[in-house]
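Asks: Quick one: structure below, then a few questions.
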Amino acid sequence: MLEIDSLEGESFLDAGCGSGIHSLAARRLGAKVVSFDYDPKSVACAAELKRRYYDGDPDWTISEGSVLDRDYLDKLGEFSVVYSWGVLHHTGAMFDALANVETLVAPNGWLFISIYNDQGGASRRWRLIKKAYNASPAIVRGLIVALCYPRLWGPTTIRDFLRLKPFETWRNYAKSRGMSPHRDVVDWVGGYPFEVAKPEVIFEFYKARGYELRKLFTCGGGHGCNQYVFVRQRSSAKGKTAARSKKAEAKP
Ligand SMILES: C[S@@+](CC[C@H](N)C(=O)[O-])C[C@H]1O[C@@H](n2cnc3c(N)ncnc32)[C@H](O)[C@@H]1O
């Protein structure tokens, strides 16, 4: 996505790191990595990954924090790569989160995010289902998941039968997705808060803040994520403040 082979010499912020799997990949590519998540279990999982592969490494730090907490973010500094995959739409305040991560990108740095696609009525219906799932007891949750199966797996299953390869996608799913197909269904149905945006909305949002879109992968109009790589074109807000105060100091 960044069109480079190495992250040597780059600073990499993984905002909403989840398990820490992408932080590990960035560290292996040579970046100095800072990871955070607001969920203590995710932080614990990322810490375990670090313990297994980079124990005691000072170039990978992991902490608990929220992308909506300005005081916390202000202490992190600026990064040449700010990466937030599948996170900002789950915060309950997506546009605040989109604005907050932007302040952490160094001048000429990359901002790499993925945001759920806005499918209009279909997204609104999914939002209701997700809300209902999260408000329900376990037995009702199971029923909601079961009712979602035909929509989520029906077309693929029929296609595999027609190709005379019954359940091929289901059987091979974990290899490509990194989780079992059932876990993926539960993850999708239960993933709430849930906000969505059309690509043009995200494009305009960051264009207005001095970013240029370098790469866009859409999910083809489906219910997945669109992925964006932006580059910061102007000096950062922090840089500007520092420059302003230097000027003020220089004044007689
Ligand atoms: C779908 S997971 C993605 C995890 C990781 N980025 C990945 O791609 O594997 C969403 C993550 O966002 C985290 N998250 C949700 N709200 C957050 C917030 N306000 N601040 C930081 N992380 C948050 C969740 O705890 C979860 O780990």
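Asks: Using the Cα centre as the reference, give the magnitude of the dipole from point charges on the C-beta atoms of segment 121-190 (Lys, Arg: +1; Asp, Glu: -1; all else neutral), rounded to the nearest 20 debye.
Replies: So the magnitude is around 200 debye.
Asks: Quickly work out the ASP184-to-LEU216 label distance, labels modelled 7 Å from Cα along the C-beta direction, and quote it in nm with one decimal.
Replies: The answer from the label model is 2.6 nm.
Asks: A follow-up question, please. Which residues make up the longest stretch of the chain clear of GluC sites (Glu not before Pro) that lie in a DSSP loop with no more than 10 other Cβ atoms within 10 Å, not counting the sites?
Replies: That gives 9-252 as the longest site-free run.
Asks: Amide H to amide H, which residues 5 or more places from TRP60 or on other chains are under 5 Å from it, using H placed in the peptide plane?
Replies: Amide H to amide H, under 5 Å and 5 or more residues apart or across chains, TRP60 pairs with VAL33.
Asks: Let me ask something additional. Within segment 104-122, name every residue whose backbone N is under 15 Å away from a label modeled 7 Å from Cα of THR61 along the Cβ vector.
Replies: none
Asks: Sequence gap at least 6, Cα distance under 8 Å: using those rules, report the relative contact order of the chain to the nearest whole percent.
Replies: 19
Asks: Using a simple spin-label model with points 7 Å from Cα along the Cα→Cβ vector, what separation in nm is obtained for GLU168 and LYS75?
Replies: Result for the modelled spin labels: 5.3 nm.
Asks: Let's test the formula: R0 of 30 Å, r as the Cβ-Cβ distance of SER19 and LYS175. What FRET efficiency results, to the nearest 0.05?
Replies: Using R0 = 30 Å, I get an efficiency of 0.95.
Asks: So what's the back-of-envelope 222 nm ellipticity for the chain, counting only DSSP H runs of four-plus at -39500 (n - 2.57) apiece and dividing by all residues, rounded to 500?
Replies: -15000 deg cm²/dmol
Asks: Which of PHE161, ILE115, ALA25 sits farthest toward the positive end of the charge dipole of the chain, with +1 on the Cβ of Lys and Arg and -1 on the Cβ of Asp and Glu?
Replies: PHE161
Asks: Right, something else. Using Cα pairs closer than 8 Å and at least 6 residues apart in sequence, work out the relative contact order for segment 121-190, in percent.
Replies: Once divided by the residue count of segment 121-190, the mean separation gives 36 percent.
Asks: If you take the square roots of the eigenvalues of the alpha-carbon gyration tensor of segment 124-235 and sort them as a ≥ b ≥ c, do you get rounded (a/c under 1.5), prolate (a/b over b/c) or oblate?
Replies: Note, shape of segment 124-235 comes out oblate.
Asks: So how far apart, in nm, are the two label points at ARG125 and ARG151 if each is 7 Å from Cα heading toward Cβ?
Replies: According to this spin-label approximation, the distance is 0.5 nm.
Asks: Given H placed on each backbone N at 1.01 Å, which residues far from LEU7 in sequence or on other chains put an amide H within less than 5 Å of it?
Replies: GLY30, ALA31
Values in this text are rule-based calculations from the coordinates and carry no lab data. Values in this document were obtained by computation on a predicted structure and should not be read as measured data. As a convention, Cβ positions derive from the backbone with ideal geometry for all residues, glycine included, and neighbour counts pool all protein chains shown.
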